[in-house]
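Note sheet for the following structure.
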Amino acid sequence: NDFLLNQVMRKKWNRPESIVMTDCGAVENLLHEPANAPSPEHAAAWSLANGTDVEAGTHVWVDYMASAMKKGLLDEQTIDKAVRRVYTGMVKVGRFDNPSAQRWSSIDASSIG
C-alpha cells in the first residue's frame with residue numbers, strides 16, 4: 001500500500017531506490033475480496049500507483065497496463081518511476097556490464113555447496 005511502500009519505506013526510511021516485487025498472483029488477487037478492484041485495469045493501476053515496481057506470477061500488468069493508461073487510471077510518470085527504480089538497481093548490480101568484468105563470474109560450480 002502507498003503508506004508502507006512510499007511513505008514509510010521510500011520516504012521515512014530514506015530508501016527511494018527500493019524495488020518492490022509482488023508475490024505470485026498478488027495483482028490478480030486485487031480483483032477479489034478485500035480489495036474488489038472493479039477491473040483488471042484497476043488492479044494493475046492500483047498496484048503500480050501504490051508502490052509496486054514488478055509484478056510476478058500473473059500477466060495482469062502485461063495484459064492491462066496500457067488500457068489502464070488509456071482509461072486515465074494511471075499516468076506515465078508513475079510507470080517511469082517504477083521503471084527507473086528497476087533499471088537503476090540492475091545497473092548498480094552490473095546487469096548490463098560485461099560478465100567477465102564481474103567478480104562473481106570467476107566463481108565456478110565447485111565453489112557451490
Hits in region 64-108 - residues which are modelled with pLDDT of 85 or more and of a type in the set (Gly, Ala, Ser): Ala66, Ser67, Ala68, Gly72, Ala82, Gly89, Gly94
Restricting attention to region 2-22, and to residues there that are open to solvent by 100 Å² or more (accessible area, probe 1.4 Å) and assigned to a loop (DSSP other than H, G, I, E, B), which single residue is farthest from Lys81 (Cα to Cα)? Trp13
Note on region 63-113: residues under 21 Å from the mean Cα position of the chain (by Cα) and open to solvent by less than 50 Å² (accessible area, probe 1.4 Å) are Met65, Ser67, Ala68, Leu74, Thr78, Ile79, Ala82, Arg85, Val86, Gly89, Gly94
Would you confirm whether any residue within region 69-77 is part of a helix (DSSP H, G or I), basic (Lys, Arg) and farther than 17 Å from Met21 by Cβ? yes
Considering region 31-43, residues that are hydrophobic (A, V, I, L, M, F, W, C) and under 19 Å from Leu5 (Cα atoms), and then whichever is modelled with the lowest pLDDT, we arrive at Ala35
Can you tell which of Trp46, Trp104 is part of a helix (DSSP H, G or I) and over 18 Å from Asn6 (Cα atoms)? Trp104
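The values are calculated or read from the model by the stated rules, or taken from the named source; none is laboratory data. From a predicted model like this one, the values you see are computed outputs, not experimental measurements. Positions of Cβ are generated from backbone atoms using ideal geometry, with glycine treated the same way; all protein chains shown enter the neighbour counts. These accessible areas exclude ligands, DNA and RNA; they are computed on the full protein's heavy atoms, side chains included. Shrake-Rupley method; radii C 1.70, N 1.55, O 1.52, S 1.80 Å.
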